[in-house]
1. Calculate, in nm to one decimal, what LEU53 and ASN230 gain on full extension: separation in residues at 0.36 nm each, minus their alpha carbon distance.
2. Note down the nm distance, to one decimal, between modelled labels 7 Å out along Cα→Cβ at GLU7 and at GLN120.
3. Roughly how tilted is helix 29-43, in degrees to the nearest 10 and between 0 and 90, from the longest Cα axis of the chain?
4. Hey, if you put +1 on the Cβ of every Lys and Arg and -1 on every Asp and Glu Cβ in segment 3-89, which of PRO59, LEU47, SER19 ends up farthest toward the positive end of that dipole?
5. Can you tell me the order of 107-120, 202-215 when each peptide is scored by its average per-residue count of other Cβ atoms within 10 angstrom, highest first?
6. Roughly what would the spin-label model give for LEU293 and MET218, points 7 Å off Cα along C-beta, in nm?
7. Going by alpha carbons, how many degrees (0 to 90, nearest 10) lie between the helix axis of 3-15 and the longest principal axis of the chain?
8. Across the Cα atoms of segment 93-298, what radius of gyration and what greatest pairwise Cα-Cα distance (Dmax) are found, in Å?
Amino acid sequence: MEIRWLEDFMVLARARHFSRAAELQHVSQPTFSRRIKLLEESMGATLINRQTLPLSLTPAGEQFLELCQRITRDVRDVKSQIAEMEARVSARISVGSTQGLFSHFYQRWAREAGIADRLQLNLKATSWVGEQFLDALDSGECDLVLCYWHKDLAWGDRLKQGGYESITIAQERLVPVSVATGSGQPRFPLPGSAEQAVPLIAYHSRGFLQPAIEAHLMRINENARLMPLNENIQSASIKALVKQGYGMGWLPGRMTEKSEQFGSLIRAGDTRWDVPVEIRLIRSQHARSDDLLTLWKQLEAQYA
């Protein structure tokens, strides 16, 4: 049974004439009559008394009419509610976030900032790498980007050259971690040596974090002997490989707190090896909505 059959029946109940009802429904009379017949067959009862002029409803038809009115009213109400929900969702501000920030920062930050219900996370963003986040802003695929930032990004000048605005909303430190030996020491301690390089689970070279690590090592003038084993886009992947004992890696401090508390990961070096980075929110200067501008001004005041 189709909803349009119910609408046909209600129109016929009002018009009391097949030709007029078919005209009101913008179909031919044979088509309309066939649909009413299919409806009666579906219900297993005669709903229209065709012997009267004008047509009348049988007792079963009268009862069925009440059902039709109730069902179509409910469907109309639900469609209206869904339309309102879709409108609210489409009005939300789309955020692209790195996987690590989404897992360990975004939800708590949005809730504490009081803006969680105004944002919609773009889950496609968890597979983007580095500069692709700015590309997404340019194309309108997202309205805001939540990412790590530091001065050593090879393409960082793109942010300075205009077309974007950014707010620093938090500071973070990348902490070198390793699994522990039986004596509680890091299995893969920094800085390593020429004879025994430290196996490194590295970040993707085009991402946000690997350039920060490499630049920091050069600045502190420590001769780290590292042997990169692979590259990963996501911090969670690095954490998993480090926990399985394949090597050491740098993780955002927020990702190490729980692990260090339960002793599954420990520092692979002292705080000299910690890499400072910022957590930034970035938008295109060409905002697509007044809602985005209002939110941005609110955040600028909050993090001034």
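Throughout, read-outs are computed from the coordinates displayed, never taken from laboratory work. Source: prediction; values computed, not measured. A quick note on method: Cβ atoms are made from the backbone with ideal geometry, for glycine too, and the neighbour counts reach across all protein chains shown.
1. 55.3 nm is the gain from fully extending LEU53 to ASN230.
2. 2.6 nm
3. Between helix and principal axis, roughly 80 degrees.
4. Of PRO59, LEU47, SER19, it is SER19.
5. Order by mean packing, descending: 202-215, 107-120.
6. In this crude label model, LEU293 to MET218 measures out at 4.1 nm.
7. That helix lies at roughly 30 degrees to the long axis.
8. Rg then Dmax for segment 93-298, in Å: 17.9, 60.
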